[in-house]
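First up is the structure itself, then whatever we jot down about it.
Any read-out appearing in this document is the output of simple, stated calculations on the displayed coordinates, not a laboratory observation. Since this is a predicted model, take the numbers as computed values, not measurements. Heads up, the Cβs are rebuilt from the backbone with ideal geometry, glycines too, and the neighbour counts pull from every protein chain shown.
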Amino acid sequence: MDHTPQRDWQHAGGMNLEGVLPEEPTPAGKSAREGTAVPDDIQSPLEKYREELAQFAQLCQLVKDATAEEKLLKQARDRLGAELIDSVFAQLGTSQLKLPGLGTIYIHSTMFASAAGTPEELCAALKEAGAEDLVKEKVNANSLSAYVREMDTDELGQPILPPELEGAIRVGERTSLRFSASK
């Protein structure tokens, strides 16, 4: 199945919706997914919002396709860039080329540093070298969220925080609509 991304999301509403949701109203007690019962009071909203639901599913697929396409384009750009640096730029002995009507292509270098050993060893070495201002105590937000999700909850589903953490941790919840494509 070809998932060529469309550039204008508004055209997604005009895409072929066949097979996304049933064309004909589904009989009460049946659903678009075989074996899943759909109550009568839900059946009507499914039909009422059929086009919007299909458009949402297709937009999710377009975003997924665009993200994958972006990754491939960046990989191709980086491969070609490395080849051009080694061939054209090295041969011409220059760091930039002006292309009339297109712009300038130039070599950009960025120095980076990372820990050669463990983060603890790096922190100790930085402090010894007088660069203690680079060492910061921090908490990873994803790890903190996982820690809170593992806590016991009260009758409302909220985590029961230890007294030491009351007021130090803010707990919230984000709700969004997602889509999982049928295989």
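Six or more apart or on different chains, Cβ atoms under 8 Å: show the pairs whose first residue is in the stretch 139-161 and in a helix (DSSP H, G or I) and whose second is among the aliphatic types (A, V, I, L, M).
Taking only residues 6 or more apart or on different chains, the pairs are LEU144/ILE169; VAL148/LEU161; VAL148/ILE169; VAL148/VAL171.
In this structure, does GLY81 turn out to be of a type in the set (Gly, Ala, Ser), over 30 Å from the mean Cα position of the chain (by Cα) and more than 30 Å from ILE169 (Cβ to Cβ)? Show your work before the answer.
Numbers: of a type in the set (Gly, Ala, Ser): yes; over 30 Å from the mean Cα position of the chain (by Cα): no; more than 30 Å from ILE169 (Cβ to Cβ): yes.
For GLY81, the condition - of a type in the set (Gly, Ala, Ser), over 30 Å from the mean Cα position of the chain (by Cα) and more than 30 Å from ILE169 (Cβ to Cβ) - is not met.
Looking only at the stretch 124-135, decide whether some residue is surrounded by 10 or more Cβ atoms within 10 Å (Cβ to Cβ), out of contact with any Gly (no Cβ under 9 Å at 6 or more places or on another chain) and outside any helix (DSSP H, G or I).
Of the stretch 124-135, the ones surrounded by 10 or more Cβ atoms within 10 Å (Cβ to Cβ) are 124-127, 131-132, 134-135.
From what's left, out of contact with any Gly (no Cβ under 9 Å at 6 or more places or on another chain): 124, 126-127, 131-132, 134-135.
Add one more test, that the residue is outside any helix (DSSP H, G or I), and what stays is 131, 135.
Yes, there is a match, as at least one residue in the stretch 124-135 is surrounded by 10 or more Cβ atoms within 10 Å (Cβ to Cβ), out of contact with any Gly (no Cβ under 9 Å at 6 or more places or on another chain) and outside any helix (DSSP H, G or I).
Could you please tell me which pairs satisfy a Cβ distance under 8 Å, a separation of 6+ or placement on different chains, a first residue in the stretch 72-99 that is among the polar types (S, T, N, Q), and a second residue that is surrounded by 10 or more Cβ atoms within 10 Å (Cβ to Cβ) and in a helix (DSSP H, G or I)?
Final answer for the pair search is SER95/PHE89.
Every residue in the stretch 65-95 that is hydroxyl-bearing (Ser, Thr, Tyr) and part of a helix (DSSP H, G or I), please.
Scanning the stretch 65-95 gives THR67, SER87.
Would you pick out the residues in the stretch 162-174 that are assigned to a helix (DSSP H, G or I) and either in contact with a strand residue (DSSP E or B) (Cβ under 8 Å, 6 or more places away or on another chain) or exposed (fewer than 10 other Cβ atoms within 10 Å of the Cβ) (or both)? Lay out the reasoning, then the answer.
We begin by selecting, within the stretch 162-174, every residue assigned to a helix (DSSP H, G or I); these are 163-165.
Across the stretch 162-174, the qualifying residues are PRO163, GLU164.
Checking PHE112 against (1) outside any loop (DSSP other than H, G, I, E, B); (2) closer than 30 Å to LEU97 by Cβ: exactly one of these is not met. Which one?
(1)
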